[in-house]
Amino acid sequence: MTAISGCRRWVAQLAILALIALGTTFALEIFDPQNAQAQSSVRPPANATTNVTGGTVPGMSRSSESASEIWRAVRKGVKGTVSIPDKKAGILVQSEGDSWRAIRNGPITNWGAIGLAGMVSLLALFYLVRGKILVDHGMSGRTITRFADIERMAHWLLAVSFIILALTGLNIIYGKYFLLPILGKSAFAAISAGGKWLHNYVAFAFMAGLVIILVIWIKDNFPTKADFIWLAKGGGMFTRGVHPPANKFNAGQKILFWLVIWGGLGLSLTGIALLFPFQIDFPAGMEPVQQMQFATVWHAIIALVLTVVVIAHIYIGTMGMEGAFDAMGSGEVDENWAKEHHSIWAKEVSKSKSKPRRGRKTRAAPAE
Amino acid sequence: MARMKFLVDAERCIECNACVTACKNENEIPWGINRRRVVTINDGKPGERSISVACMHCSDAPCMAVCPVDVFYETDEGVVLHSKDLCIGCGYCFYACPFGAPQFPQVGNFGSRGKMDKCTFCNGGPETDKSDAEFKKYGRNRLAEGKLPLCAEMCSTKALLAGDGDVVSDIYRERVVSRGFGSGAWGWGRAYPGQGA
Ligand code: SF4
Ligand code: SF4
């Protein structure tokens, strides 16, 4: 009993205390001017900077502002931030991809096909009209050395690697239109995968060949006066019995040489960029993916142009001209062929016949 | 038949990356590959917006158009899938894709990137539906299980929507009406600046 009544007294005393405390606080709040001020100013003072977001509250389920400027910028490729390691992924929309697709599946594929088919038909026409270009004075039976072993080695290194690269490369553009329907998807994919590997590795043989021919032939490939005459006469290719004088290389061969050197350099650089995707950053002011697109486009254009040119080179070096293949075959050409097609060079060589030629091991040619 | 579509409502996305995590876990995606990612525009500035992005399963898909070995196909529901068995890892799909969706296991070891991987709309690949082989190569085939992509199912703010394009656009249309403006409607920000709703 006493415990309960004691407890009640306790509670009553506490309640009174609490009331007094509350009352005092209340009174203080009403009469303290400082405190009153603080309460009414939940809003910032008039001179404070407000409205920093322009009224937008990010993350509100019902937003208050149309953000079309942002989306227009995004459509044009503005980059955001991502929390994943691959920072390239910050690009939301890359419209260059559409252009890349259009260029690759359009002009490159079409013009490449037109160029290749056009060159083959031109050569066929040329063969029908002009026939094989024969040695006018007949074969003499005596030969002179045209290309030393190192020259032929370099040529064939470049030639064989180029043909492998060209075929595997053409497969990447045209395979799905021609080979795929014949072979079926699995076989075609397996061949293309092998082709890709071959392409990646043989590329180094091509680059080596390129460097060697540059070193051994650059001295013979600067333009001379004879080249202009040769070009003006169309190289004598269209008229029987016309043979404009030429050095070791005629103007056509010199043009081919420089096309191969510059084209080969372009192919090598873009090829290396493609071989190591996103690992080489060219200071071109482009996003990495744009650099890759740029590299593939250039690679394809240069490769197609070179392939078209090389088809003509292969034609004239084999079935197009009597005696021409020997130059790169055995290295020994017929004297009459040399006099007709490379008269200046033939004269130089016969003058210095007794001396072994520069860069060549002394080995008696059959005619000597 | 339904045409499957993704839609991201940038007014709702809070950049929590739950979709990214859900995708990784559901499909057991290896380290380094992100089928889905969240991109934030104007990070930390007024007007910040985030967008979750993966393969959008485009109509007239650019990846399909450029693939030299023709590995892509489109399902009846408009989902763009591919065969990893056929892929030669040339990376062309990545160059063409507007959304940066295709992913490769390697950066490039002599041009070998490995087989391309990308969002399948949780619809697997050419293998038998729900088979082990399919799961290992492409992840879960939730569509075959009668479910929608997990990223969208998991999205807490329902910023990311996935499913029948008609239903998705109906939901979005309702939101747009209730907001009183076409979120991202072309020209509004320019024509009526600062007017808000
Ligand atoms: S990979 Fe890219 S281009 Fe292909 S469907 Fe997906 S988003 Fe479109
Ligand atoms: S990486 Fe594979 S899927 Fe992509 S374009 Fe090349 S072969 Fe086709």
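Of note:
- Residue match in the stretch B:8-15 (condition: crowded, with 19+ Cβ neighbours inside 10 Å, within 16 Å of ligand 2 (Cβ to nearest atom) and not β-branched (V, I, T)): no
- Being of a type in the set (D, E) and not in a helix (DSSP H, G or I) holds for only one residue in A:D227, A:D281, and it is A:D281.
- Residue match in the stretch B:56-66 (condition: of a type in the set (G, A, S), within 7 Å of chain A (Cβ to nearest Cβ) and under 20 Å from B:D117 (Cα atoms)): yes
- All of A:T81, A:T145 fail the test of being at pLDDT 90 or above, closer than 30 Å to B:M56 by Cα and more than 26 Å from the chain's Cα centre (by Cα), apart from A:T81.
- Checking the stated criteria, B:G100 turns out to be modelled with pLDDT under 95, within 12 Å of ligand 1 (Cβ to nearest atom), open to solvent by 10 Å² or more (accessible area, probe 1.4 Å) and under 18 Å from the mean Cα position of the chain (by Cα).
- Test: B:E145 is within 15 Å of ligand 2 (Cβ to nearest atom) and more than 14 Å from chain A (Cβ to nearest Cβ): no
- Matching entry among A:V202, A:V260 (being crowded, with 17+ Cβ neighbours inside 10 Å, farther than 27 Å from A:E322 by Cα and within 27 Å of the chain's Cα centre (by Cα)): A:V202
- In the set A:A187, A:A193, only one residue is within 16 Å of ligand 2 (Cβ to nearest atom) and over 23 Å from the mean Cα position of the chain (by Cα); that residue is A:A187.
Yes/no per residue for (1) open to solvent by less than 20 Å² (accessible area, probe 1.4 Å); (2) within 18 Å of the chain's Cα centre (by Cα); (3) at the interface with chain A (Cβ under 9 Å from one of its Cβ atoms); (4) within 10 Å of ligand 1 (Cβ to nearest atom):
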site: B:V20; (1), (2), (3), (4): yes, yes, yes, no
site: B:R36; (1), (2), (3), (4): yes, yes, no, no
site: B:D43; (1), (2), (3), (4): no, no, yes, no
site: B:R49; (1), (2), (3), (4): yes, yes, yes, no
site: B:H82; (1), (2), (3), (4): yes, yes, no, yes
site: B:C90; (1), (2), (3), (4): no, no, yes, no
site: B:K118; (1), (2), (3), (4): yes, yes, no, yes
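- Test for B:C97: is it more than 14 Å from every other protein chain (Cβ to nearest Cβ) and either of a type in the set (S, T, N, Q) or in contact (Cβ under 8 Å) with a residue 24 or more places away in the chain (or both): no
- All positions within the stretch A:305-345 that are aromatic (F, W, Y) and under 21 Å from A:V160 (Cβ atoms): A:Y315, A:F325
The values are calculated or read from the model by the stated rules, or taken from the named source; none is laboratory data. Note that the coordinates shown come from a computational prediction; the quantities given were computed from them, not determined experimentally. Quick reminder, even Gly has a Cβ in these numbers, built from the backbone with ideal geometry, and neighbours come from all protein chains shown. Note: accessible area is taken over every heavy atom of the protein model, side chains too, but ligands, DNA and RNA are not part of it. Shrake-Rupley method; radii C 1.70, N 1.55, O 1.52, S 1.80 Å.
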